[in-house]
1. Accessible area per residue of the chain at 1.4 Å probe, in Å²?
2. What's the extension gain from Arg75 to Ala42 if we count 0.36 nm per residue and subtract their Cα-Cα distance?
3. Determine, for each peptide in 92-104, 19-31, the mean count of other beta carbons within 10 angstrom over its residues, then list the peptides with the highest first.
4. Where in segment 68-89 does the amide nitrogen come within less than 13 Å of the point 7 Å from the Cα of Tyr119, taken along Cα to Cβ?
5. I need the shape label for the chain. Rule: rounded when a/c is under 1.5, else prolate if a/b > b/c, else oblate, with a, b, c from the alpha carbon gyration tensor.
6. Starting from the Cα of Ile67, step 7 Å toward the Cβ, then list every residue of segment 105-124 with an amide N under 18 Å from that point.
7. Is it possible to state the helix-based mean residue ellipticity at 222 nm for the chain, with each DSSP H run of 4+ residues giving -39500 (n - 2.57), the sum divided by total residues, to the nearest 500 deg cm²/dmol? What is it?
8. Rounded, prolate or oblate: which one fits segment 56-117, using the alpha carbon gyration tensor with axes a ≥ b ≥ c (rounded when a/c is under 1.5, else prolate when a/b beats b/c, else oblate)?
Amino acid sequence: MAKQSLARQPERTPLSVEEIRQFISPAATEREAYLFLRFCIAQEVNPFIGEAYLIKYDERSPAKVVIGIQTHLKRASRNPHYRGYESGIVVATSGKYEDLTGSLTAPNEDVVGGWAVVYRVDWEK
């Protein structure tokens with residue numbers, strides 16, 4: 001079966017503004033939910049499987065669209081130059097910072113950031 005783009009066929013969209021507000025981001029305004037819906041259609045992402053998120057931190061701030069890591073990895077893997085990645089976190093322990101590979105922390109470590117390195121055959125750095 002041929003892939004049918006939601007961007008070219010918005011009438012087949014499995015989402016509605018009401019569903020976004022009910023199931024994905026209840027605090028989002030109607031406008032924010034609509035813009036998120038159009039974003040998902042244009043980018044061909046599905047928020048029900050974690051490809052995109054609409055996050056409303058508080059009533060006074062606008063909602064934020066966040067793309068899931070698996071969406072980035074799926075798109076990167078389609079590029080013939082992509083050769084993988086490494087990622088980790090930055091932790092603080094007694095005022096000192098350390099880059100760690102992965103995401104496991106000790107009880108005395110506070111996560112203060114993150115990092116990633118992407119490898120491509122056509123990039124030296």
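1. Numbers: 9130 Å² over 125 residues.
Per residue, the chain has 73 Å² of solvent-accessible surface.
2. Working: separation 33, 0.36 × 33 = 11.88 nm, distance 1.46 nm.
Separation in residues times 0.36 nm, less the Cα-Cα distance, equals 10.4 nm.
3. On the way: 92-104: 10.2, 19-31: 15.2.
Output ranking for 92-104, 19-31: 19-31, 92-104.
4. Within reach of a label on Tyr119: 82-87.
5. It comes out oblate by the Cα gyration axes.
6. Within reach of a label on Ile67, which here means backbone N under 18 Å from a point 7 Å along Cα→Cβ, segment 105-124 contributes 115-120.
7. Numbers: 2 runs with 23 residues, N = 125.
For the chain, the value works out to -5500 deg cm²/dmol.
8. Details: a/c = 3.26, a/b = 1.16, b/c = 2.82.
Verdict is oblate for segment 56-117.
The values are calculated or read from the model by the stated rules, or taken from the named source; none is laboratory data. Not measured: the values here are computed from a predicted model. Heads up, the Cβs are rebuilt from the backbone with ideal geometry, glycines too, and the neighbour counts pull from every protein chain shown. The protein model used for the area step is the full one, side chains on, heavy atoms only, and it has no ligands, DNA or RNA in it. Shrake-Rupley method; radii C 1.70, N 1.55, O 1.52, S 1.80 Å.
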